[in-house]
């Protein structure tokens, strides 16, 4: 017994159910990362590394906004390429790592 093929409408709804919350999570993580970096002592993360991370977070935030705008303007549901999402995920891991380092240093993030 085979499952029925999804309709374009249901595929678009599924894409939005998965991708929408993922993009929201990225946005929240980028904002949290910026807050962490801006309040991070150099004893936890050297200034050069802070500036690098902050720049990459700002760039990712702008890319995310652009991706959302393109998706909103598209006439049909649109996915994002993994080549776009993978660097955002790596940045998210760096934010988690910074948060962990701050906690280990006794700083409540």
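Read-outs throughout are calculated quantities, based only on the coordinates presented, and are distinct from any laboratory measurement. Since the model is a prediction, treat every value here as computed from it, not as a measurement. No Cβ is skipped: glycine too gets one built from the backbone with ideal geometry, and neighbour counts run over all protein chains shown.
Quick check: pseudo-label points 7 Å beyond the Cα along Cα→Cβ at residue 105 and residue 10, how many nm apart are they?
5.2
Contour minus end-to-end for residue 28 and residue 69, with contour as 0.36 nm per residue of separation and end-to-end as the Cα-Cα distance?
13.1 nm
Report the full-extension gain for the segment residue 79 to residue 52: residue separation times 0.36 nm, less the Cα-Cα distance, to one decimal in nm. It would help to have the intermediate numbers written out before the result.
Numbers: separation 27, 0.36 × 27 = 9.72 nm, distance 2.86 nm.
Net length gain for the segment: 6.9 nm.
Over all distinct alpha-carbon pairs, what is the Kirkwood Rh of the chain in angstrom?
Kirkwood radius, the chain: 15.7 Å.
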